[in-house]
Every structure is written in C-alpha cells, then in structure tokens.
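These notes are about the structure you will find just below.
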Amino acid sequence: MNLELIEALNALEKEKGIDAEVILEAIEAALISAYKKNFASLQNVRVYLDRITGEIKVFSQKKVVNIVDDDRLDISIEDAQKINPNYELNDIVESEVTPRNFGRIAAQTAKQVVVQRIREAERALIYNEFSNRESDIVTGTIQRLEAKNVFVDLGKTEAVLTPTEQIPGENYIVHERVKAYIVEVRKTPKGPQIIVSRTHPGLLKRLFELEVPEIHDGVVEIKSVSREAGSRSKIAVHSHNGNVDPVGACVGPKGMRVQTIVNELRGEKIDIVKWDKDMNIYIANSLSPAKVLDVQVFGDEKKARVIVPDYQLSLAIGKEGQNARLAAKLTGWKIDIKSETQAKEAGVLIEETNENQEG
C-alpha cells in the first residue's frame, strides 16, 4: 500500500497540479490524530512518511528536563544523556513506537486525507477559474429547477440563476442550452457558488462583443447600455474609425447580428444608437426610434428638455414611459420630453431640427 500511495500522489501532482508534498504533510498530521485516538496515547508523537518507500514510522517525543512531571512527555537529563551524551535541557528525545497493526489505520487515514485534499484542490481550481471570469459570459445546460432557482451545468461545476436574475416570463427547460452572465463567485463550505444572470446589462454587452467582430477588435466601442430585461434595451456605440458605421456594424448584414442577440434574449427589443460627445446630439439619438426637433441641456443639473413633433410624443415617451426611462439610463441625464405644441404654449424657443440625429 505504501509504495502505491507515493506513486498515486506523484500521478496526482502531474494530472491535477496538486503538490504531493502538501498532501504528505497533511497525511502525517492526520496520522498523529489517528495514532492518539486508536492507541489511547497521551504522549507527544511525530509521524514520518518516507517520500521514496512510503514506509510509515511513529516516534514518541519527550522533552529533556531537570525534574520529570509526566514521564509520557518528559525525560530527565540523566536518562537522555544515557541515550546520547550530546542531549541538553529542552532538547527533544525521539524513540520509535510504531504499532504492529498501524498500517491498516494508516491506509484508511491516508485515503481520507487524499480524497479531502483532492476535493479541496479541485474546488480551489474551479474558484480561481471562475472568479477570474466574473463579468464574463458562459454557456451551460439547464440541469434542474429547484424552488424557483435554475441550476446550470457548466461542465466542471454548476451555476445558479436565482429568480431575481431571471428574465420575467422566460421559461427554462431542463437540458436546454443557455447563455448567462457571471455576476459573482462566492466561496462556501461546499465549494464555490457561481451566481449568473440573464437580466444584467453586462449580458447584452458581452453578446454584442461575441457577435460583432468590430467590437471585439476595438474598432467599435460600447459606450453605455440600459436594459429592462425581457422587454427593451438600448445600447450606445461609437466608432474609432471614420469609415466604420458603429450602428451598421452592430446591426449586421440584413440585421443578422442584432437578430441573433434578440433571439438569444427571447425577443427582447434592442435600440442601437450612435454615441456622441455632444450631449445634445447624444440625447437626441438616445430617444430612437423617435425623431427629435430640439434638445436643450442644463449641464449643471444634468437635465435636458427635448422637443419632439406632436405625433412623435407617445413614441418618444414609450409605453409606460419606457423609452424615456431607458434613454435617461443610457445617457445618465434626466430627460423632460415635450411636444412641439406643449413647448410653444410654455413659451419655449425651439431651435432648428438637429440634423445629426441618427435615423
């Protein structure tokens, strides 16, 4: 058994990257407890496991003292020097006390330690791998549904999609493949717990990075995302190359790129708008698909008054205020939308139509 143990630990070191020496030291520590428990021993002992042969030996340890209080723990200096004249006070005298039948107990103890350490090492590897992937996207298979939680098999481990991170009204079917966004990786006594989301704005951003090569290559940059999961989202994009249209790149040929993302999000509508350093233009673009006549910004308060044609008012505000709400989240500005008639009645001066707004 002993030689096989050494060979097995060396194989583990190569296959799983688990330090064999760390496991051997843990086995030695566990064997001390096993010895004391099985042989009702109160003496101090040291267990040595030979790194080449796997042979296990137990040594009692006694401290060299002038006056012996407990002969299980102490040895007089006179008796110590009979063993070796070089012993001095406070030295430790060792003598082998390995029991005959200690091999069976040692084998069982070693197995328990090895299994535990392998489990701990695997958990650590999984934690390190996925903690480095926080804010990234993963693809997994729905494994089971428990108490409204959806458990997703990621191969090496599983992730949990809690009710608050699920898209409202979305059905989750066992064995179905699903993409999700890693929100957090927690350490728990049972191993790493990976929390994923289908509602996080980061999921939308990562999906565009996967589908749009220009974003992946850094030519097109996602400046901002606002999302009401399952219903509607807005994404603001900017091109670092004057020859590349950022909105067109995200939409893709015949709308294929954005449609792939819409399908992944089960029909969630996505407005892609052009970011602009000029807040007047950016705010006008953010209210897409509505057309804007004029934008008046109040920089100190981060507020903007937007004037739209009368027939565009309901479109600009959106159902239950959704379009205006998403535009405000996208730009970070509070937006007050008025129709052309309302603005004139309030005595608001309307400038020329902003020609830079994206159609």
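Here are a few things to note about the model shown:
Every residue, every condition in (1) hydroxyl-bearing (S, T, Y); (2) in contact with a strand residue (DSSP E or B) (Cβ under 9 Å, 6 or more places away or on another chain); (3) closer than 27 Å to L265 by Cα, yes or no:
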{"site": "F130", "(1), (2), (3)": "no, yes, yes"}
{"site": "I142", "(1), (2), (3)": "no, yes, yes"}
{"site": "G155", "(1), (2), (3)": "no, yes, yes"}
{"site": "E158", "(1), (2), (3)": "no, yes, yes"}
{"site": "Y172", "(1), (2), (3)": "yes, yes, yes"}
{"site": "T188", "(1), (2), (3)": "yes, no, no"}
{"site": "S197", "(1), (2), (3)": "yes, yes, yes"}
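- In segment 289-312, the qualifying residues are those that are surrounded by 17 or more Cβ atoms within 10 Å (Cβ to Cβ) and outside any strand (DSSP E or B), and the one that is nearest to the chain's Cα centre (by Cα) is A290.
Conditions (1) buried (at least 19 other Cβ atoms within 10 Å of the Cβ); (2) without any contact (Cβ under 8 Å) to a residue 12 or more places away in the chain; (3) assigned by TED's automatic domain parsing to the domain that holds A328, marked per residue:
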| site | (1), (2), (3) |
| --- | --- |
| R206 | yes, no, no |
| I215 | yes, no, no |
| A229 | yes, no, no |
| I235 | yes, no, no |
| S239 | no, no, no |
| G248 | no, yes, no |
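- Output for segment 135-149, where each listed residue is among the hydrophobic types (A, V, I, L, M, F, W, C) and farther than 12 Å from I173 by Cα: I137, V138, A147
- Every residue from segment 262-288 that is assigned to a loop (DSSP other than H, G, I, E, B) and without any contact (Cβ under 8 Å) to a residue 40 or more places away in the chain: G267, K277
For (1) among the hydrophobic types (A, V, I, L, M, F, W, C); (2) within 16 Å of the chain's Cα centre (by Cα), each residue gets a yes or a no:
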site	(1), (2)
K148	no, no
L154	yes, yes
T162	no, yes
H175	no, no
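- Test: residue in segment 52-69 that is acidic (D, E) and over 20 Å from L3 (Cβ atoms): yes
- Here the strands (runs of 3 or more DSSP E) wholly within segment 35-91 that include at least 1 residues being among the hydroxyl-bearing types (S, T, Y) and buried (at least 17 other Cβ atoms within 10 Å of the Cβ) are 56-65.
- Selection count where residues are more than 19 Å from V225 (Cα to Cα) and outside any helix (DSSP H, G or I), scope segment 313-350: 9
- Residues that are within 19 Å of K277 (Cα to Cα) and of a type in the set (G, A, S), drawn from segment 288-340: S288, G299, A304, A327, A328, G332
- Answer from V174, V178 - the residue that is buried (at least 18 other Cβ atoms within 10 Å of the Cβ) and among the β-branched types (V, I, T): V178
The values are calculated or read from the model by the stated rules, or taken from the named source; none is laboratory data. Note that the structure is predicted; figures quoted are calculated from it, not measured. Backbone-built Cβ (ideal geometry, glycine too); neighbour counts: all protein chains shown.
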